[in-house]
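See structure below.
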Amino acid sequence: MTIAMRWNGEALEPTSHTEAKCQESFEANRVYAVDVIDARSQAAHSRFFAVVNELWHNLPERMMHDYPTSEHLRKRGLVETGFCTEQVHVCKTKAEAQRTAALIRSIHEYSIVIASENVVKIYAPMTQRISEMGSKQFYQSAQQVEGWIRNLIDTEYKELT
């Protein structure tokens, strides 16, 4: 459960929006473990996802196969802009690397999987969940992903003219 709290200089206090939830969820004088999440504006979070969705609707028809949903587009943008984790698997043979890459692709639809010789590289997009990505990193990723998508669309239109 995530509940927004405000530090008053001495103690955490519920916000006006979360006070009722605190009253029903917590017992007085009981000790609770707290995970600190660097809060960001829900409006900014929602705005970014709306922008990605709008940009996805403006993709040229021939790009829709590569990005069947706005989620595919956003997650590819995260990988392309470096907001991803990278794993490297060294296989015994090139054939084993090809089989491993095919298996990983079938399991992780949003990851970019590259097999080269006997090495498989997996680039998995970072999550932008509020509970898992701090506000500074979210704003950086949002700005870069939006820029990457706009550039992708602009480049595509320039190639058509």
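Any read-out appearing in this document is the output of simple, stated calculations on the displayed coordinates, not a laboratory observation. Bear in mind that the values here come from a model prediction, so they are computed numbers and not experimental data. Positions of Cβ are generated from backbone atoms using ideal geometry, with glycine treated the same way; all protein chains shown enter the neighbour counts.
Taking amide H as placed 1.01 Å from N in the peptide plane, the amide H of Cys84 sits under 5 Å from that of Met126, each at least 5 places away or on another chain.
The GluC sites (Glu not before Pro) of region 12-68 that DSSP puts in a loop, and whose beta carbon has at most 11 other beta carbons within 10 Å, are Glu27.
Give the residue list of trypsin sites (Lys or Arg not before Pro) in region 1-89 that are DSSP loop and have at most 15 other beta-carbon atoms within 10 angstrom.
Arg30
Taking 12 Å as the straight-line reach from the Cα of Lys94, the aspartates and glutamates in range (excluding those fewer than 8 positions away in the same chain) are Glu117. How much FRET efficiency would the formula 1/(1 + (r/R0)^6) give for Ser131 and Gln87, where r is the Cβ-Cβ distance and R0 is 22 Å, rounded to 0.05? Efficiency at R0 = 22 Å is approximately 0.45. Put in line by how crowded their Cβ is, counting other Cβ atoms within 10 Å and starting with the fewest, Thr18, Thr155 read Thr155, Thr18. Farthest toward the positive end of the dipole of the chain, out of Val145, His45, Met63, is the Cα of Met63, where the dipole comes from beta carbon charges about the Cα centre.
Annotation: the residues Val119, Val36, Val52, sorted from fewest to most other C-beta atoms within 10 Å of their own C-beta, follow the order Val36, Val119, Val52.
Ordering Leu103, Leu78, Leu55 from the fewest to the most neighbouring beta carbons within 10 Å gives Leu103, Leu55, Leu78.
Subtracting the Cα-Cα distance of Val34 and Ser116 from their residue separation scaled by 0.36 nm leaves 25.1 nm. You can think of it this way: the chain between Arg47 and Glu109 has 19.8 nm of extra reach, that is 0.36 nm per residue less the Cα-Cα gap. Label sites at Thr155 and Glu71, each approximated as a point 7 angstrom past Cα along Cα to Cβ, lie 2.6 nm apart.
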